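Taken together, the values in this text are just the output of simple stated rules run on the coordinates, not laboratory data. These numbers were taken from a predicted model, which means no experiment stands behind them. For neighbour counting, all protein chains shown are included, and Cβ atoms are generated from backbone atoms with ideal geometry for every residue, glycine included.
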Amino acid sequence: MIKLLIFDYDGVIFDTADIAYNLVKKECNKYCKAPIKTRQDFMDVYKINFYESMKKRGVKKEDMKKIIKESLEILSKKKLRIHPGMKSAVKKLSQTHSLAVVSSNYDIVMKKNLKKHGILECFDFILGTEAGKSKQQKVKSLLKNEKLSFPEAVFITDTVGDIKEAKKAKVKAMAVTWGFHKRQMLLKAEPEFIVDSPGEIVKALV
């Protein structure tokens, strides 16, 4: 029985693809040895863990700290659009499951926007970049703290990189098709579920 639903933040709950593209492109072109030139370059960043991608693109440890600081300053000022149907889906799912957010975004940014849209109280746990750079480790930590087994959790995400991290953490992955990566790319990563709308998350899990 599935008890814990772990949501990615960017692309899944909020429509942040364009914001993320412009931000990552700007920061990477400033600090990466391999700059981002196209939308495909941007999507490739999320085929693995974000921080590992930045490291592979030649970002130094001290420059990664600068990226984190500059990104937080920019994201704190952004107004985000929640994906249609997500608010009602989250409220419905919170009645039957424990909900968590595991993301590379920042706690203060996520909590601000979740609160603004009236769903912060639906989430029992918010684990951003402050809790660690590895989503795999954050998922494992959640399971350990809540004394749950691997089959009792699902990681809901929009990227190939997160599906890989879910598999490493030994939990099921649910891919959503309205985020950063499209259906065909997601299917190649072999998630246990794939859905085309927030309503389908509810149908699959409730």
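Quick notes on this structure:
- Cross-link pairs 66/133; 135/170; 60/182; 25/91; 144/170; 111/135 - those with Cα-Cα distance over 23 Å: 60/182; 25/91
- Residues 149, 104, 53 arranged by fewest to most Cβ contacts within 10 Å: 149, 53, 104
- Burial ordering of 119, 156, fewest other beta-carbon atoms within 10 Å first: 119, 156
- Rg followed by Dmax, in Å, when the range 41-93 is reduced to its Cα trace: 15.5, 43
- Bridge type composition, the chain - antiparallel percent by DSSP, nearest 5: 10
- Extension gain for residue 88 to residue 30 (0.36 nm times residue separation, less C-alpha to C-alpha distance): 17.0 nm.
- By the beta-carbon count within 10 Å of each Cβ, the least crowded to most crowded order of 28, 122, fewest first, is 122, 28.
- Identified option (computed volume of the Cα convex hull per residue in Å³; candidates (i) 106; (ii) 223; (iii) 149): (i)
- Inter-label distance, residue 203 to residue 38: 3.5 nm, where each label sits 7 Å from its Cα along the C-beta direction.
- The chain, relative contact order in percent, only Cα pairs under 8 angstrom and at least six apart counted: 28
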